[in-house]
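Okay, structure first, notes after.
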């Protein structure tokens with residue numbers, strides 16, 4: 001069964017450093033998402049991406065964050081200058097397309113990247 | 001503001017019993033609701049969804065109920081099994097947008 005993959009599984013970085021989290025969505029999917037989950041807390045939406053542009057973003061997704069789909073397979077999340085509070089699990093998700101009625105179908109989540117900022 | 005929350009953070013049930021996990025939402029514009037299961041160390045996994053023009057939807061051993069009057073969502077798991085032990089999140093969205101708002105999560109423990 002196709003899966004969303006994410007690398008690395010764990011990233012440790014120093015405060016102020018740039019990090020790039022990588023995701024390979026399922027190949028025929030069209031919508032891509034990044035979420036984060038601070039330890040023990042709920043999953044928080046960061047950004048959605050469709051047709052090579054951001055379709056929606058949350059208030060968390062400030063100027064320090066950016067996303068890119070550099071080729072036909074990868075989807076990346078960059079944090080320019082990490083802060084301690086960026087420490088979290090980051091999940092990538094993808095979606096094939098909305099159902100014919102326009103309702104969003106099930107999102108497929110990757111296993112996550114644990115980001116630790118020291 | 002918009003919020004999706006859960007009534008109980010932890011639920012413990014006996015294997016074979018039915019489980020009911022509840023969720024409240026506050027955004028009246030939401031018209032699409034999803035339940036996810038998250039096992040330790042993994043990403044959320046889709047269980048079942050429901051649109052706001054329905055009040056009940058059934059899947060394999062799971063049923064989602066939607067009460068729009070009181071903005072309440074529930075997930076019923078029939079004949080709960082040890083493999084059902086996980087954190088369950090409700091989430092809301094609307095068909096015109098892309099953002100999905102997750103609730104706080106309920107941890108389900110299944111006792112053998």
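Read-outs: derived from the displayed coordinates by stated rules, not from any lab. The structure displayed is predicted, hence computed values, not measured ones. FYI the Cβ positions are ideal-geometry reconstructions off the backbone, even for glycines, and counts take in every protein chain you see.
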Report relative contact order for the range A:39-118 in percent, whole number only (criteria: Cα-Cα under 8 Å, sequence separation at least 6).
21 percent
Which of A:35, A:50, A:90 moves most in a GNM of chain A, Cα contacts under 10 Å?
A:50
quick shape note, the range B:40-112: Cα extents on principal axes in Å, largest first -> 41, 25, 21
Report the semi-axes of the equivalent ellipsoid for the range A:38-118 in whole Å, largest first, where each axis is √(5λ) for an eigenvalue λ of the Cα gyration tensor.
24, 15, 12
For the range B:1-89, evaluate the Debye formula with one uniform point scatterer on each Cα (no solvent term) and list log10 I(q)/I(0) at q = 0.16, 0.22, 0.24 Å⁻¹, rounded to two decimals.
-0.63, -1.16, -1.34
How many Å³ per residue does the convex hull of the Cα positions in the range A:51-92 occupy?
89 Å³
Whole percent per 5 Å bin, from 0 to the bin with the longest distance: what is P(r) over all C-alpha pairs of the range A:1-84?
3, 13, 23, 27, 21, 10, 3, 0
Please report, in whole Å, how far the alpha carbons of the range B:28-76 spread along each principal axis, starting with the longest.
36, 23, 14
Euclidean distance of C-alpha centroids, the range B:22-76 and the range B:78-112, integer Å
8 Å
For the protein assembly as shown, alpha-carbon Rg relative to the globular expectation (2.2 N^0.38 Å, N residues):
1.01
Would you mind giving the mean number of other chain beta-carbons within 10 Å of the Cβ of each residue in B:105-111, as a whole number?
1
Taking every residue in A:37-43, how many Cβ atoms of other protein chains lie within 10 Å of its Cβ, on average?
5
Order these by the 10 Å Cβ neighbour count, fewest first: B:49, B:55, A:62, B:31.
A:62, B:55, B:31, B:49
Test of understanding: ordering A:87, B:19 by Cβ neighbours within 10 Å, fewest first, what list do you get?
A:87, B:19
Per-selection Rg to Rh, the range A:28-69 - Cα, Kirkwood hydrodynamic radius
1.00
